[in-house]
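Below: one structure, written as structure tokens.
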């Protein structure tokens, strides 16, 4: 009998859940109706009218990277406070955020992108990961919705060249090209490229290798696994090849170990370089001492935080609002929202085609620097990539270890 | 509990409804279900339902195919497979390579689907060779490992699969001619490109497969599978070749997963390893178990319910305009737990599994007795 009662309660609960969701369906349908009403009144601009527009935030609050997802959402919400209300042609526009979670999963991402289109957003900030973005891009493209990601760094994210995709973080490939160019500037004729089998490192090494090969530099490719504790096999291969330079595209723990074992094998003279994955203060200890670390080179994608013009102010605001350190890519997402609003203002319209066109011509002063977006793919730069004033792929910030600390190599 | 404890009045009303439902013939159920499924996109065209629901519908139907496939090994033959998504991956990647800019190959849709199915079947055959000696937990562990091996291979086999970057820009299906490039915007009636077109394509596949599998279930082969599931030794001694029957079951289910994978690759335009995680295998197992192991209508319903539930909760949260959306996976989990506790035999259980999970309702016993067995013998059998 008790079980019977629980069952009844359960049935009621489920019925309530169902009723609630039906309400959800009708509720959304009603929203759409209201929106079209709003758009029709949009034509006749009466002074002091308030118009609500929707901007989507496609992020991953559940799944494998909730900390990144939350930081992205925080960044956008901070930007909403600063730019969320603006005037255009005598009308006050108020932005309403539509925050949806894609679990960093491609299938869910497609549904989220379609939901954004159904909701009638004028633009989307996101998504968070390259994998999820891949399946969202065609849907935003078909529905003509501009999409700005603040954290997708995968070189192949926009392989299809959709004109609706933009990003305010750096494409990994740019550093790959920068490393190749720098190695050649340093006079390297034989170069070893080594990655840690991760997507980030492999992408970087691929581009660096292509850059070097195009100029006739002889290369050797090696790899290790993240977490490896012995690289003597690779060091033996490197020694046999006899390179002028070694480019390691992974992260500092393996980079330090590689450098240490290379020095032990008598290759202290070989130039050692890497991407921003090795530009960590911990690297020096990981190479086994200051002497080993001396002269290691590293590039960085975009300006590092201490050189970003608006970073200090942003970090203070972020700290005040959320009571924690700035999360990964939060400032890039803040800039993405700011740039979208700026594009709407410059377009003078909330029509998405106009916004896409405005984004392509945009120059925006953001936290991470003054930037625009690449209109065409060129070398390592893909269509829609961030183009920061004063920085080209061959000219990204360069660093070197001097007396145990990273200093600018300029 | 049971019918004896309830009052006569309630029993009368309950049995009234149940009798009415039981009297509706099976073809009528199928007709109603197909009509609802086929009519669903019309609601979208009429503006009642949002397009996101069509996408949920397409993915749900693809998972219906997957669940129907897994049901063959798990429900009918009783072999637990925890790496089923690997066959799905074989189909997806085959399609991605045969119809994308990766190698600039543009095979027509029908050829790609057939090859994808065959590739998955070959994979199923190969994995069945060493594993069919195993039973129960051991088989589960081996299949789990197989799923992970396939996923890790995909991630590391960069020249073929692009590793973690995935294969992008898969061409939309054209039934006979070469595939068209993605993002070109060419429209013709025979190109399958929009969610609604995919929906009907997959729906037709589901209906055909459901009919085929229903017939198969009631055939000699299906009964051999059931016999193996219930008692392998008895089945063998009745003249069933266990290895052949099991292998057929594994290969067939792998083929269905490969076929579903091909449709999935076409539909999603891009394929990356994130779609083939262990969790996805678990979800398909849940669909089969919660729908009703061995029951084709049950498995179909289970897949649709589990796939659509997160979006349903999302919509409910959207109405409330709150951060409630983030909790949808939590609620999803709770609902699964609740279902397992209160309806272990599944939503629309198979006759045999229902008997195992619950005490037998006398009325049902009566019906079963009349339909299946000789009067005297049947009653003795079932009351034990």
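Please identify which residues in segment A:238-269 have an amide N closer than 15 Å to a label point set 7 Å out from the Cα of residue A:218, following the Cα→Cβ vector.
A:238-246, by backbone N distance to the label point.
On alpha carbon coordinates alone, what is the Rg over Rh value for segment B:69-162, Rh being the Kirkwood radius?
Value, to two decimals: 1.03.
Considering only DSSP beta bridges where both residues belong to the protein assembly as shown, give the percentage that are antiparallel (nearest 5).
40 percent
Roughly how far apart, in whole Å, are the Cα centres of segment B:100-140 and segment B:206-261?
Going from one Cα centre to the other spans 17 Å.
What translational diffusion coefficient, to the nearest whole µm²/s, does the protein assembly as shown have by Stokes-Einstein, given a Kirkwood radius computed over alpha-carbon pairs, a temperature of 37 °C and 0.692 mPa s viscosity? Walk me through the numbers on the way to the answer.
Numbers: Rh = 29.1 Å.
In µm²/s, the coefficient is 113.
Set the Förster distance to 35 Å, then compute FRET efficiency between residue A:307 and residue A:144 from the Cβ-Cβ distance, nearest 0.05.
0.45
For peptide B:44-56, what's the mean number of Cβ atoms from other chains within 10 Å of each residue's Cβ?
Taking all residues of B:44-56 together, the mean is 5.
Assuming R0 = 22 Å, can you tell me the calculated FRET efficiency for the pair residue A:392 and residue A:361, based on Cβ-Cβ distance, to the nearest 0.05?
0.70
Report, in whole Å, the centroid distance computed from the Cα atoms of segment A:153-184 and segment A:283-358.
16 Å
Multiply the residue gap between residue A:345 and residue A:241 by 0.36 nm, knock off their C-alpha separation, and tell me the result in nm, one decimal place.
Between residue A:345 and residue A:241, full extension yields an extra 31.8 nm.
If I model a spin label as a point 7 Å beyond the Cα along the Cα-Cβ vector, how far apart are those points for residue A:403 and residue B:238 in nm?
About 8.8 nm, to one decimal.
Taking N as the number of residues in chain A, what is its Cα Rg relative to 2.2 N^0.38 Å?
Details: Rg = 24.7 Å, N = 410, 2.2 N^0.38 = 21.6 Å.
Scaled against compact globular proteins, the figure is 1.14.
Distance in nm between label sites at residue B:135 and residue B:220, each 7 Å beyond Cα in the beta-carbon direction?
Spacing of the two 7 Å Cα→Cβ label points: 2.6 nm.
Under Stokes-Einstein, with the Kirkwood radius over Cα pairs standing in for Rh, what whole-number D in µm²/s applies to segment B:25-279 at 4 °C and 1.567 mPa s?
Value of D from the Cα-based Kirkwood radius: 68 µm²/s.
Ignore the peptide's own chain and count Cβ atoms of other chains within 10 Å of each Cβ in A:135-145; give me the average, rounded. Each step should come with its number before you reach the end.
Values: counts 10, 2, 5, 9, 5, 0, 3, 5, 1, 0, 0.
For peptide A:135-145, the averaged partner shielding equals 4.
What ratio of Cα Rg to 2.2 N^0.38 Å holds for segment A:305-410? Write down the numbers at each step before the final one.
Working: Rg = 16.4 Å, N = 106, 2.2 N^0.38 = 12.9 Å.
This ratio for segment A:305-410 stands at 1.27.
Determine the principal axes of the Cα atoms in segment A:311-367, then give the extent along each, sorted from largest to smallest and rounded to whole angstroms.
38, 17, 16
Quick one: helix A:2-42 against the long Cα principal axis of chain A, what's the angle to the nearest 10°, folded into 0 to 90?
Long axis of A:2-42 versus the principal axis of chain A: about 90 degrees.
Can you tell me what share of the DSSP beta bridges in chain A is antiparallel? A percent to the nearest 5 is fine.
On the way: 18 of 54 bridges.
Of those bridges, close to 35 percent are antiparallel.
Rounded to the nearest 0.05, what FRET efficiency is calculated for residue A:87 and residue A:319 with R0 set to 25 Å and r the Cβ-Cβ distance?
Given R0 = 25 Å and the Cβ-Cβ separation, E is 0.25.
Measuring from label point to label point, each 7 Å out along Cα→Cβ, what is the residue A:370 to residue A:210 span in nm?
That separation, rounded to one decimal, is 3.1 nm.
Rule-based calculations on the coordinates, nothing more; no lab input. In this text, all values refer to a predicted model and were calculated from it rather than measured experimentally. Here Cβ is always computed from backbone atoms with ideal geometry, including for glycine, and neighbour counts include all displayed protein chains.
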